Structure formats: structure tokens, C-alpha cells
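A short write-up of the structure that comes next.
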Amino acid sequence: MDHTDTDGGTIRLTFNGDSVIADIDERLESVNRRHGTGFALMRFRRPARDSSGRWNCRFQLPTLVTRYGEVERDHGLPTRRMFDVRYIRAQVAHNRVRHSARLRLERHGDDAPRLVAADMLAAAEGVLDLGDAADARLLVEEGGDRAMPHLHALVEEHSGIVFPVATDCTVEITVSGAGEGNAGNDGEDAAGPTMDILVCPPRAPHAHRSTVYDRYFDVPSTIGDDEVLARLSDDSALLRREVLERDGERYRIVRDAVDALRADNPPDARDGREWTPDMDD
């Protein structure tokens, strides 16, 4: 693990593998003592079916979002845009989704700002409700069986939120006081000290792979219309050949993957994997 204290009260924790969990736990415990938080590391359960076909957890859950200054369950989004533990590691690692939250702190004299019981969660985006995750049997202790590989669950117990953190991602925890540009996720100024938690993707840039489209970005601006039309004609022909091959052997693996996903994700699944308010435990 690589962890640093930076200017402005930011602590960065980089998850470089399972062997550094003890170091991360120690670092989080220091934050807990200083700010009254309840950070802890857990893991997400790996979904699996039993002999009867039932899943061992409900792995598709709604996320928390902030709307009009209030934090509420995001039931309005389609199921496929909800949290799905099977795909979340790739989404986090490639910055496809944002996982962040803002906690309100309170000063006690000259002491460092601390998390208080009332009105703790000022903003949330893409995080899980701890109660939902517990009811869904989605969390397991570090070192437990059937944990999702390369994926951790950073839990803040007092505010009841869960952040997914993929291997090589960085968690930034920033504490700042009032009057320092603490605009909330809804554009409102935060009242009093705040703690921002943000899961960041790996910082190393992905290696660039050349494609047939690179020539469009490395040509003089004086390129003539005839050349543009000629390139469009060539690329249109290439696209047509690819489309015509969609039923061939070359794309069989893609067709098989699509069929498997459709079979595993029926439009009205009632086998226990998707969270619904009326579902029995």
C-alpha cells in the first residue's frame, strides 16, 4: 500500500493488493481516532448458486444519491444501472462510475473536527447503503470465503455507507473547514467542517493502442475534401464488411456471451438476486 498525507488535509490510500490490508486497517484506525469515524474494511461476497438454483446473496442493489439536498434511495434508475457486484470492479478501475460521499463534521473546541450522530451524510453518489448490503448478505469479513477477487468494501459504519474499491485504486479522504470552497454535490455550501471520501481509478494512464482512426488526428488541417471523402469511403466499406460477418465464426464468442448474459438477466428476475422493497429475506 502507498499512503500519503497531502496538503489540504487529504489522506490517500492506494490498494496495491491483499497483502497490505493490515497497513490500511492501521491507517483507517488513525482516521477513526482523530475524527470519530467508523471506517472498516470488508469484502464483497462472490455470487454463487446453490443446488436449488438460489443465489447466496442479492448482488444487484440500488445506490444512494443526493437530490435537492436530500439523500434518498435511487429507485428511479433502471436495474442495469444499479450496483451489480459482478461488474463493479471493472467499472471502478476504469472510472466508469463515481463513488463519493461527503460527511458533515462538528468542531469541539480546539479539537479536530469529529463526526456527529445527527445529520452526518451531506452528499452521496454511487455508494451503497450499509443496511441494504447487510440485508442482501453482500458483505463478508476480510479473509472470508467466497469473496470477490481484487475488490474491497470500505465501510463507514456511523453514516451507514459502503464504497467499492478495486485493486490499484486510491481512496482520498479530505477534511476541510467552512469557507474553503466546500461546495456540496448539489452546489450548496456545506455548513461547518466536512469530510469528502472519493474512490479514484488507477492513476497510471492506459497504454495507447494504434487504430485505423489515428490518422484522423495526425493530419494537416489543410487536408482536401477529396481525401476526406476517400477515407470515409474506405472506412464505410470496412464497417460494412464487419457488420456482414456478425453471424460468422469470428464473432461466435461475442454471440455466446450475449446469450449467456440475457439468460442470466431476465427482464423480470424474481430469484432473489435483485433488491425489491417487498422481497422477503
Next on the checklist: at pLDDT 70 or above, open to solvent by 80 Å² or more (accessible area, probe 1.4 Å) and out of contact with any helix residue (DSSP H, G or I) (no Cβ under 6 Å at 6 or more places or on another chain): which single residue out of R54, R43, R27 fits that description?
Outcome noted: R54
Checklist entry - Can you tell me which residues in region 117-146 are over 18 Å from H35 (Cβ atoms), more than 13 Å from the chain's Cα centre (by Cα) and modelled with pLDDT under 90? => result E141, E142, G143, G144, D145, R146
Checklist outcome for this item: Cβ pairs under 6 Å, 6+ apart or interchain, first in region 223-246 and on the phi > 0 side of the Ramachandran plot, second exposed (fewer than 10 other Cβ atoms within 10 Å of the Cβ), ordered by first then second residue, are none
Item to check | Tally of residues being open to solvent by 30 Å² or more (accessible area, probe 1.4 Å) and under 13 Å from F83 (Cβ atoms) across region 131-150 | outcome: 0
Checklist entry - In region 150-209, what residues are part of a strand (DSSP E or B) and modelled with pLDDT under 75? => result A183, D189
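The values are calculated or read from the model by the stated rules, or taken from the named source; none is laboratory data. This structure is a prediction, so every number in the text was calculated from the model and none was measured. All Cβ positions, glycine included, derive from the backbone under ideal geometry; neighbour counts span all protein chains shown. Protein only, heavy atoms only, side chains kept; ligands, DNA and RNA dropped before computing areas. Shrake-Rupley method; radii C 1.70, N 1.55, O 1.52, S 1.80 Å.
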